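A short worksheet on the structure shown next.
The values are calculated or read from the model by the stated rules, or taken from the named source; none is laboratory data. Source: prediction; values computed, not measured. Note that each Cβ is placed from the backbone with ideal geometry, even for glycine, and that neighbours are counted across all protein chains shown.
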Amino acid sequence: MVVTIVMLIISMLLFFVLFFGIGFLLNMLLRMSWIMAIIYPIIVIFIVDDVRFIEYFTNSGKAFQGLGTNFIQLAPADLIILISGLAGAIVAGFVIKLLRKNGYQMF
């Protein structure tokens, strides 16, 4: 599928906002500033790989080899979109720390 520049920008914005929002809510509820930045790589693995999660424990060699192959085969547009989601999760951590520093106590 050909990705136009408009589709790429909208996808980047959607992933940034999605993971910023999820990260902000998780940080606020769990009072852990970097929880979404820690969970995000696991979510990326679920997005990129088509192997069942249990196979990482039962047949780990083949599962991780397939994961590496899938990461190598990602298009540059896909990588940019996934990186923008990670940026959203990291920015959520900074924002929640800044708000707490300025006296806002969420829950």
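Reported count of residues in region 36-73, each being surrounded by 15 or more Cβ atoms within 10 Å (Cβ to Cβ), out of contact with any Leu (no Cβ under 8 Å at 6 or more places or on another chain) and assigned to a loop (DSSP other than H, G, I, E, B), is 0.
Do we have residue 33 as outside any loop (DSSP other than H, G, I, E, B) and either in contact with a helix residue (DSSP H, G or I) (Cβ under 6 Å, 6 or more places away or on another chain) or touching a residue at least 12 places away in the same chain (Cβ under 8 Å) (or both) here? Considered against the rule, which asks whether it is outside any loop (DSSP other than H, G, I, E, B) and either in contact with a helix residue (DSSP H, G or I) (Cβ under 6 Å, 6 or more places away or on another chain) or touching a residue at least 12 places away in the same chain (Cβ under 8 Å) (or both), residue 33 comes out as no. Inspect region 10-27 for any residue being farther than 30 Å from residue 104 by Cα and modelled with pLDDT of 90 or more and give the result as yes or no. Yes, region 10-27 contains a residue that is farther than 30 Å from residue 104 by Cα and modelled with pLDDT of 90 or more. Within the set of pairs 6 or more residues apart or between chains, which connect a residue that is of a type in the set (Gly, Ala, Ser) and at pLDDT 90 or above inside region 88-107 to a residue that is surrounded by 15 or more Cβ atoms within 10 Å (Cβ to Cβ) and in a loop (DSSP other than H, G, I, E, B) with Cβ atoms less than 7 Å apart? Partner pairs satisfying both residue conditions: 93/33; 93/34. Within region 12-29, count every residue that is under 13 Å from the mean Cα position of the chain (by Cα) and among the polar types (S, T, N, Q). Matching residues across region 12-29 total 0.
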